Amino acid sequence: MLPAALVSIGVLATSASAGTEQTRSALPPVGRVAREMSPGAKSVIVFVSAGGKEYVATTGTSRPKADQRFRVGSVTKTFTATIVLQLAEEGKLRLESTLGEHLPGVVPRGEEITIRHLLQHRSGLANITDYPKWLSEAERSPSTSPINSLRFAASKPVAFEPGSQGRYSNTNYIALGLVIEKVTGRSYAEELKQRVLDPLGLSRTELPTTRRLPDLHDGGYNPNLPWAAGAIVSNAHDLSRFYSALLSGRLLSSASLATMKKSVAGIGLGIWPTELPCGRAWGHGGYIVDYQTLVSASEEGDRVAVVSLRGRGYIPWLGRALLCAEPPLAAGSAPAKPRIAFVSTPGGGPAPLYVVNADGSGQGWLTLTAEGGPPVVWSPDGRRIAFASMRDGNSEVYVMNADGSGQRRLTRDPAQDSVKAWSPDGRKIAFVRQSARGSDVYLVNPDGGGQRRLTRNAAPSYDLAWSPDGRKIAFLSRRDDNSEIYVMNADGSGLRNLTRDPAGDSSFAWSPDGRKIAFMSKREGTWDIHLMNADGSGLRSLTRGSAYDGSPAWSPDGPKIAFSRDGEIYVMNADGSGQRNLTRSPAYDHNPAWSPDGRKIAFGRDGEIYVMNADGSGQRNLTRSPWNEGSASWSPAQK
């Protein structure tokens, strides 16, 4: 982590309307986002235009200025799509016309590929960037040209029948750039300048004609290779101005803009939609050389976020964090109502951590680099959250306030630390440290002191939980060659194997009074929910059958257990009677979690967080995101 002094934050412009905006939402967290993205990065620029103001934060080893230009990569495609739709408005081409009509003889099946197919990545044309040897040679060659790139792609078999499905291909936008030149008789660069850059005053945006640019501190790149698919150089202010003009209707008619937004399989024409709590957003990402860029804008372009990162790192989809800023909690306070924390896990890279109210409101971003999946651990008073992060190169335990402020690293070890449970009295955090020697249970104070190792065994240990009175810790371990439940005193003494069965045991939960432990086990041939006393006696099966039953969760008052069964959420009495299906959905439902008052149950459904009433009614999607968000952690009840 870079020190805060290396993060430059500023407000670049103001207007009379800004006061109204700030009563509706909090300031966008540009500084925190930039700071958390900074490790290993040469430069980070985080920019938000909202409510008549522009907010920017910069950090990184090269200390970029707020107006620093960067290579935008595939964000170029939004510019290209805009020009194509302008030409369609003018009657110079039709979206249903074919590539073969405009560029006869270049692509063998060009008569089957329409302009709309190219715009929406439904052409089937091979992606030139999928051929690294050719790509490397073409990047170095001074004779590389867009038409040669298209011809190379056309020499490869189509990936699918044109129009039958979608697959991202840079070749589509190389072809569109050539179509623009064919129908206008002018270069793509001239059309870009005349139609977009000059009318909007985008003086810092250009399509380069040389490999190296004096204000970009990189090794350069052949601009004829990415060209209309990814060669544009710009800065955050210009990109924001472009997207705002596009989505507010200043560049296209309302009919053309609606056409651009008409998505198939989540892909529009040069822009991509994302459902956010504050409304639908549109944008595009880009990657070229060692630059990454993300642009995300509100439906009408009144809020735009631009993020640029150069060097090591990864930009997750930060539109929700930057466009949907919610009023923060008072420093050090607990949420007035129970909230749900969840990690938004992308396909790779850091995972943002969010919170949301049980009705879907108040969704807010807390931190960027939490590790994907559970657990996110609340302190018993709801004022702090512990989580694991790899922001410093390996997984360590961190603590922050419930509003995301005051982040502090608690562990420093080359092994991988994963946070598991906060003690009921709030004085200790239990975590598992995994190394080449094995994995063991440790404790640490919330201030980072008092770190102590409780177990010493080469077998993996995981999924630990404190007893409700805080005197014992139960955990899973494979120390007897199969997964079993162990319990020990909170100081590590009195270790005892509770289950002792050759079948696998997993996913357990203490009853609220601490007298029972529910768990899932395969001891009867299929995964079922079992119950035992806290000392391992009184074992009995609560569910039986061929279904997969798992993830038991006790209601806060103790008489009910929710669980998952073959992708549905069920509930039953604590003695196994009264089993009832609550969800009845074709989707995959899992990981039920009761609200502190027992009135609601949160659960995962196909990568989203849902909540429902305890009787199964009122099911509601809280997250609405393209990423995987399947596990919820409720803040504790306030006493």
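See the values below:
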quantity	calculated
Subset of 77/262; 337/472; 420/472; 77/182 violating a 20 Å alpha-carbon distance limit	337/472
Pairwise FRET efficiency - residue 416 versus residue 481, Cβ, R0 = 22 Å, nearest 0.05	0.45
Trypsin sites (Lys or Arg not before Pro) restricted to region 240-321 and DSSP loop, no more than 16 other C-beta within 10 Å	250, 262, 312
Difference of contour (0.36 nm per residue) and Cα-Cα distance, residue 535 to residue 90	152.3 nm
Integer Hz, Karplus 6.51/-1.76/1.60 couplings in order for region 189-201, x for Gly and Pro	4, 5, 5, 4, 5, 6, 8, 10, 5, 5, x, 9, x
Global form of the chain, assessed from the alpha-carbon gyration tensor, a/c cut-off 1.5	prolate
Whole-Hz couplings from phi, Karplus 6.51/-1.76/1.60, listed for region 279-284; x for Gly and Pro	x, 6, 10, 10, x, 7
Reduced Cα scattering model of region 61-190, Debye log10 I(q)/I(0), q = 0.09, 0.11, 0.12, 0.14 Å⁻¹	-0.28, -0.41, -0.48, -0.64
Whichever lysines have a C-alpha closer than 17 Å to that of residue 560, once near sequence neighbours (fewer than 8 apart) are set aside	516, 600
³J(HN,Hα) computed for each position of region 298-312 - Karplus, 6.51 cos²θ - 1.76 cosθ + 1.60, integer Hz, glycine/proline x	5, 3, 10, x, 7, 9, 9, 10, 10, 10, 10, 10, 10, x, 6
Interchain or long-range residues, amide H under 5 Å from residue 633's placed H	341
Whether region 70-311 is rounded, prolate or oblate, judged on the alpha carbon gyration tensor where a/c under 1.5 counts as rounded	rounded
Top positive-direction residue, dipole computed over region 70-311 with Cβ charges, set 217, 173, 79	217
For residue 69, distant residues with modelled amide H under 5 Å away	none
Amide H partners (placed H, <5 Å) of residue 527, local residues excluded	549
Nearest-0.05 FRET efficiency for residue 161 and residue 585, computed from C-beta distance (R0 35 Å)	0.60
Label-point separation in nm, residue 425 to residue 65, each point 7 Å along Cα→Cβ	5.8 nm
Difference of contour (0.36 nm per residue) and Cα-Cα distance, residue 280 to residue 140	46.3 nm
Residues of type aspartates and glutamates that residue 193 reaches as a straight line, Cα spacing below 14 Å, ignoring anything fewer than 8 places off in the same chain	181, 206, 238
Within straight-line cross-link reach of residue 42, lysines at Cα separation under 17 Å, skipping those fewer than 8 residues along the same chain	65
Using a Förster distance of 25 Å, the FRET efficiency for residue 453-residue 501 (Cβ separation, nearest 0.05)	0.35
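Rule-based calculations on the coordinates, nothing more; no lab input. Quick caveat: nothing in here was measured; it's all calculated off a predicted structure. Note: ideal-geometry Cβ built from the backbone for every residue, glycine included; neighbour counts use all protein chains shown.
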